[in-house]
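Enquirer: Below is one structure. I have some questions about it.
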Amino acid sequence: MCITEDTFIEDERRIMASNVRNIFTPHTPINNEDLFKGRTSEVQQILSTLNTPGQHLLLYGDRGVGKSSLAIIASHKIVNIANKKLKIKRCSKTDSFISIMEEALEACGVDLTLISKTKTSGISIKGFGLENSNSYEGYLNKANSPSWVCEKIKDENILLLIDEFDSIKSQEDKHKIAELIKLLSDSHSVFKIFIVGIAESAEELTVGHPSVQRCLKEIKLSKMLQREILEIINAGGDKLHINFTRDAKFRIFRLSSGYPHFTHLICLKASEEAIINEKAVIDIDDVNNAIEKSISDCENSLRQAYDDVFKSSSTIKTYRKILYAIALCWDEFIRAENIRLIYNLIFDESITNQKLNQYLSKIVSNSNDKILRRLAKGVYRFSDPRMSSYIRLVQSDMYSEKEEMIYKQIKSN
Ligand SMILES: Nc1ncnc2c1ncn2[C@@H]1O[C@H](COP(=O)(O)OP(=O)(O)OP(=O)(O)O)[C@@H](O)[C@H]1O
Ligand SMILES: [Mg+2]
């Protein structure tokens, strides 16, 4: 065995022993209340909505903003308070109304899995005769009907959490969920539905079904506040007995752009290095050193969208500056005048509106197929809002201490 392999194994051994990968978890939602930070008012809203007769819930927000973590933690609380059973369904593109409801129906005593078995084998199972198996087959069609499903589940004290709602491909199946929510609400059911998805989910649920709006409370999950991001860093640091210096924490906060996914990612990489080197303090240089490793763990879709900007461009330098200025805009609605202001403050040079527009025209579109989406004249949004963090990471060579001042200026505007 060569020395580098030995070193690697020893490093991994130390990392495993520290438990750091269960404390900073960029790739999995939080399901431990100890590590769940902030979101106090959102948890309260969720609890009161789901404890109100006739009310169901939709939680929506950007990718990686913390929807699943909040939904899981809040659901566990509600289950304890209201003595409910919790069923969690994480959807994928192949899911249908039946497959989404399958486990919940099973918890209510309707076993749909028996149907498919009898269907394919054509023989009775579990001692049921042919007559019985036919009646089971009948369930499959019935389970496609929201009113039939409502009748079967309405008296069960269950909370059904449907995550990744946006992955469901069929619009018809989404409408059936909306219909079911309305029916449950009308029948004063104790069965509650909690849907988690991206922004478009609300529209998809209610289009063609406006009456569902009355019984479906929508909560938008925003980016995390500075205080909340710092709480995540402090809590992880305390568990690991590692101290992040003040400068290190603020650097991580800026790099995260309000997305806890990036906070966890950078903290994890910096902490792993500290654990390997037996350091008890993480300072700003350690954070900067962790950036490279964090980038290599970022999602390919972000990398691709970013690289596309430079594919056919001969003015890489200016595009890098413009992208960096956009990434510092913080707001959801990025205005051309703010881009110019920040460009000027960071790089000590001005850019005319006309020149900026020329550059933007190649990277903006009205849909999500370019890095920026046009919302209105002179107002943009990153197609993937996490892009602001990604740009800060890959272009960290552009970091300037002036960012603190710019951040304050933008927040006070
Ligand atoms: N309140 C919180 N406290 C601490 N960490 C959090 C919190 N919310 C989210 N995180 C962390 O942020 C990351 C993203 O969270 P989560 O998976 O819940 O987001 P999401 O919005 O469901 O993402 P996606 O859109 O990819 O499904 C996770 O790694 C999780 O560990
Ligand atoms: Mg999620």
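The values are calculated or read from the model by the stated rules, or taken from the named source; none is laboratory data. If you're wondering where the values come from, they're calculated on a predicted model, not measured in any experiment. All Cβ positions, glycine included, derive from the backbone under ideal geometry; neighbour counts span all protein chains shown. To get the accessible areas, we keep the full protein, side chains included, count just its heavy atoms, and leave off ligands, DNA and RNA. Shrake-Rupley method; radii C 1.70, N 1.55, O 1.52, S 1.80 Å.
This table checks each residue for (1) open to solvent by less than 60 Å² (accessible area, probe 1.4 Å); (2) touching a residue at least 24 places away in the same chain (Cβ under 8 Å); (3) not basic (Lys, Arg).
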residue	(1), (2), (3)
181	yes, yes, yes
193	yes, yes, yes
206	yes, yes, yes
213	no, no, yes
220	no, yes, no
226	yes, yes, yes
239	no, yes, no
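Enquirer: Report, by residue number, each residue of segment 245-267 that is open to solvent by 10 Å² or more (accessible area, probe 1.4 Å) and closer than 22 Å to residue 19 by Cβ.
Expert: The answer is 249, 260, 261, 264.
Enquirer: Right, something else. If the requirement is being open to solvent by 10 Å² or more (accessible area, probe 1.4 Å) and touching a Pro at 6+ places or on another chain (Cβ under 9 Å), which of these qualifies: 332, 272, 278?
Expert: The conditions single out 332.
Enquirer: Suppose the filter is modelled with pLDDT under 95 and not acidic (Asp, Glu); does residue 241 pass it?
Expert: no
Enquirer: If I ask for residues that are among the hydrophobic types (A, V, I, L, M, F, W, C) and either within 13 Å of ligand 1 (Cβ to nearest atom) or outside any helix (DSSP H, G or I) (or both), which ones from segment 200-224 would you list?
Expert: Across segment 200-224, the qualifying residues are 207, 216, 219, 221, 224.
Enquirer: Return the residues of segment 18-34 that are modelled with pLDDT of 95 or more, in a helix (DSSP H, G or I) and surrounded by fewer than 14 Cβ atoms within 10 Å (Cβ to Cβ); say none if nothing qualifies.
Expert: The answer is 22, and nothing else.
Enquirer: Applying the selection to segment 240-257, what residues are more than 11 Å from ligand 1 (Cβ to nearest atom), in contact with a helix residue (DSSP H, G or I) (Cβ under 8 Å, 6 or more places away or on another chain) and not aliphatic (A, V, I, L, M)?
Expert: Selection gives 243, 244, 245, 247, 249, 250, 251, 253, 254, 257.
Enquirer: Look at residue 4 and say whether it is away from ligand 2 (no atom under 16 Å from the Cβ), in a loop (DSSP other than H, G, I, E, B) and open to solvent by 50 Å² or more (accessible area, probe 1.4 Å).
Expert: no
Enquirer: So, one more: Taking residue 88, is it open to solvent by 20 Å² or more (accessible area, probe 1.4 Å), within 13 Å of ligand 1 (Cβ to nearest atom) and modelled with pLDDT of 95 or more?
Expert: So residue 88 fits the description; yes.
Enquirer: Would you be able to tell me the number of residues in segment 52-75 that are open to solvent by 40 Å² or more (accessible area, probe 1.4 Å) and more than 16 Å from ligand 2 (Cβ to nearest atom)?
Expert: 3
Enquirer: On the given criteria, is residue 58 among the hydrophobic types (A, V, I, L, M, F, W, C), more than 9 Å from ligand 1 (Cβ to nearest atom) and not in a helix (DSSP H, G or I)?
Expert: When the stated conditions are applied, residue 58 passes them.
Enquirer: Across segment 35-48, what is the total count of residues that are surrounded by 21 or more Cβ atoms within 10 Å (Cβ to Cβ) and either more than 10 Å from ligand 1 (Cβ to nearest atom) or more than 19 Å from the chain's Cα centre (by Cα) (or both)?
Expert: The number of residues fulfilling the criteria is 1.
Enquirer: With the checklist (1) over 25 Å from residue 226 (Cβ atoms); (2) within 23 Å of the chain's Cα centre (by Cα) in hand, flag the one item residue 326 doesn't pass.
Expert: (1)
Enquirer: Identify all residues within segment 160-199 that are within 16 Å of ligand 1 (Cβ to nearest atom) and among the small types (Gly, Ala, Ser); write none if there are none.
Expert: Those that are within 16 Å of ligand 1 (Cβ to nearest atom) and among the small types (Gly, Ala, Ser): 167, 197, 199.
Enquirer: Can you confirm whether segment 162-182 contains a residue that is under 30 Å from residue 368 (Cβ atoms), part of a strand (DSSP E or B) and within 16 Å of ligand 2 (Cβ to nearest atom)?
Expert: Yes, segment 162-182 contains at least one residue that is under 30 Å from residue 368 (Cβ atoms), part of a strand (DSSP E or B) and within 16 Å of ligand 2 (Cβ to nearest atom).
Enquirer: Could you run through segment 278-316 and say how many residues are touching a helix residue (DSSP H, G or I) at 6+ places or on another chain (Cβ under 9 Å) and closer than 30 Å to residue 239 by Cα?
Expert: Summing the residues that are touching a helix residue (DSSP H, G or I) at 6+ places or on another chain (Cβ under 9 Å) and closer than 30 Å to residue 239 by Cα in segment 278-316 gives 21.
Enquirer: Could you go through segment 312-328 and let me know if any residue there is modelled with pLDDT of 90 or more, over 24 Å from residue 298 (Cα atoms) and not hydroxyl-bearing (Ser, Thr, Tyr).
Expert: no
Enquirer: Out of all the residues in segment 183-195, which are touching a strand residue (DSSP E or B) at 6+ places or on another chain (Cβ under 9 Å), among the hydrophobic types (A, V, I, L, M, F, W, C) and not in a loop (DSSP other than H, G, I, E, B)?
Expert: Listed by number, the residues that qualify are 184, 193, 194, 195.
Enquirer: Of everything in segment 36-51, what is touching a residue at least 60 places away in the same chain (Cβ under 8 Å) and either within 16 Å of ligand 2 (Cβ to nearest atom) or of a type in the set (Val, Ile, Thr) (or both)? Give them in sequence order.
Expert: Residues satisfying the conditions are 39, 42, 46, 49.
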